[in-house]
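*Asks:* Please read through the structure below; I'll follow up with questions.
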Amino acid sequence: MLTAHAYIDVAAAEPAIAFYCDGLRLSVKRRLSPTWIELAGANLPIFLLADRPPYADLGSRQVPRSFDRHWTSVHLDFIVADLDAAVARLVALGGSLERAIAVRDYGRIAYMADPFGNGFDLIEFSGAGYDGIARRT
């Protein structure tokens, strides 16, 4: 079986630990260095990478890192039992709800950003969740 890890670039370690641990109820599993922290409590390991160099070395070129709000085609969805409570915790910790919570066939979704500009979604499944959609198609 393939193993996957999620890495989240953040501007500073301690505020990121507070945001993800207090907001999503994750915990620090271990610190691999002062700027490389593994979080536990999800179904895949999540690593915070803090205080990264101002430029990312992509081999053939260097690209400036930016913590301005961004969205990539690869992003994280966190499945939560109580969407309203999770949104409230994360907003209180400096996150932002980017548009109104939406209702979908599978449940409710909140489009969020962390204090560092990383976009992610919170999803609260209802009924059969994604399985209910799969059965109809």
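The values are calculated or read from the model by the stated rules, or taken from the named source; none is laboratory data. This structure is a prediction, so every number in the text was calculated from the model and none was measured. Cβ sites come from the backbone with ideal geometry, for glycine too, and all protein chains shown count toward neighbours. Accessible surface is based on the protein model in full, side chains and every heavy atom, while ligands, DNA and RNA are left aside. Shrake-Rupley method; radii C 1.70, N 1.55, O 1.52, S 1.80 Å.
*Asks:* Any chance you could tell me what percent of the C-alpha pair distances in region 67-106 go past 12 Å?
*Replies:* Working: 570 of 780 pairs.
Roughly 73 percent, rounded to a whole number.
*Asks:* Which of rounded, prolate or oblate describes the chain when judged by the alpha-carbon gyration tensor and an a/c cut-off of 1.5? Kindly include the intermediate steps, with their values, before the conclusion.
*Replies:* On the way: a/c = 1.70, a/b = 1.59, b/c = 1.07.
Prolate, since a/c reaches 1.5 and a/b exceeds b/c.
*Asks:* Another question about this same structure. What fraction of the DSSP beta bridges in the chain is antiparallel, stated in percent and rounded to the nearest 5? Each step should come with its number before you reach the end.
*Replies:* Values: 24 of 34 bridges.
Of those bridges, close to 70 percent are antiparallel.
*Asks:* Return the single residue from G107, G95, G117 with maximal mean-square fluctuation; model: Gaussian network over the chain, springs between Cα atoms under 10 Å.
*Replies:* Comparing G107, G95, G117 in the GNM, the peak value goes to G107.
*Asks:* Summarise the accessible area of the chain (1.4 Å probe, protein heavy atoms) by the percent that is carbon and sulfur.
*Replies:* Details: 4470 of 8170 Å².
The C+S portion of the solvent-accessible surface of the chain is 55 percent.
*Asks:* Stokes-Einstein at 37 °C, 0.692 mPa s, Kirkwood radius from Cα pairs: D for region 1-56 in µm² s⁻¹?
*Replies:* Numbers: Rh = 11.5 Å.
Reported coefficient: 285 µm²/s.
*Asks:* For region 53-137, which trypsin sites (Lys or Arg not before Pro) are in a loop by DSSP, counting at most 14 other Cβ atoms within 10 Å? Before the final figure, lay out the partial values.
*Replies:* Details: sites: R61, R65, R69, R89, R99, R104, R108, R135, R136; in loops: R61, R65, R69, R99.
Passing sites in region 53-137 are R61, R65, R69, R99.
*Asks:* To check you understand DSSP bridge types, tell me what percent of the beta bridges within region 1-69 (both residues inside) are antiparallel, rounded to 5. Present the calculation step by step, with values, prior to reporting the outcome.
*Replies:* Details: 12 of 17 bridges.
Antiparallel bridges: around 70 percent, rounded to the nearest 5.
*Asks:* Let me ask another. Which order do you get for E98, E124 if you rank them by accessible area with a 1.4 Å probe, largest at the top? Can you show the working numbers first?
*Replies:* Working: E98 85, E124 35 Å².
Per-residue accessible area, sorted high to low, gives E98, E124.
*Asks:* In degrees from 0 to 90, rounded to the nearest 10, what is the angle of the helix 83-92 Cα long axis to the longest principal axis of the chain?
*Replies:* Value to nearest ten degrees: 30.
*Asks:* Indicate the gyration tensor shape class of region 58-136 (rounded, prolate or oblate), computed on the Cα atoms with a ≥ b ≥ c the square roots of the eigenvalues: a/c under 1.5 is rounded; otherwise a/b larger than b/c is prolate and the rest oblate.
*Replies:* Numbers: a/c = 3.28, a/b = 1.57, b/c = 2.09.
Here region 58-136 falls in the oblate category.
*Asks:* Could you tell me whether region 46-96 comes out rounded, prolate or oblate from its Cα gyration tensor? Rule is a ≥ b ≥ c as square roots of the eigenvalues, rounded for a/c under 1.5, then prolate if a/b exceeds b/c, otherwise oblate. Each step should come with its number before you reach the end.
*Replies:* On the way: a/c = 2.91, a/b = 2.30, b/c = 1.26.
It is prolate, given that a/c is not under 1.5 and a/b is the larger ratio.
*Asks:* Which angle from 0 to 90°, rounded to the nearest 10, does the C-alpha axis of helix 13-24 make with the longest principal axis of the chain?
*Replies:* Here the helix axis deviates by roughly 10 degrees.
*Asks:* By how many nm would the segment from D57 to H5 lengthen if fully extended, with 0.36 nm per residue of separation less the alpha-carbon distance? Let's see the in-between values first.
*Replies:* Values: separation 52, 0.36 × 52 = 18.72 nm, distance 2.04 nm.
The D57-H5 span can extend by a further 16.7 nm.
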